Amino acid sequence: MNHAASLGFAVTFLLATASTAKRAAPAEVKPLVQGGVSFRAGHSADENGNRGTVEAVDVNTGKRLWRVTVYEIAYEKNLESDVQDVFIKKLAIQDRCLLVTTERRETFCIDLKTQAVKKLPESAAP
């Protein structure tokens, strides 16, 4: 094999390897504390898909007050799971709503009184 052919093979191999590389770990979402409650973003996955979760913890006692699943992503069988994962990127509070924003720029509202989860339309997201 000549030098040019070897170089071409190496470039093709590197490009193929880079396209199948695992995604980097998501950025940490720091807990949001308000009114003596710490709101924490979470993520869990199994062979069927992943889900974004949020839990509320009493800052004085450390007791979990509630935990809700904000969204679920079903895995497509022909794709690697790590490229399908969606993580929570940001937490914020507006009125009685805990706003949860994902990497895909989807925003959900968790009603702080009832813990009901509602996906907000793009035009309503802050």
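A compact table of results
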| item | result |
| --- | --- |
| The listed residue being in contact with a Leu (Cβ under 7 Å, 6 or more places away or on another chain), at pLDDT below 95 and among the β-branched types (V, I, T), out of V57, V29, V83, V11 | V29 |
| Output for segment 73-110, where each listed residue is without any contact (Cβ under 8 Å) to a residue 24 or more places away in the chain and within 19 Å of the chain's Cα centre (by Cα) | E76, L79, C97, R104, R105, T107, C109 |
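The values are calculated or read from the model by the stated rules, or taken from the named source; none is laboratory data. All values reported here derive from a predicted model rather than from experimental measurement. Note: ideal-geometry Cβ built from the backbone for every residue, glycine included; neighbour counts use all protein chains shown.
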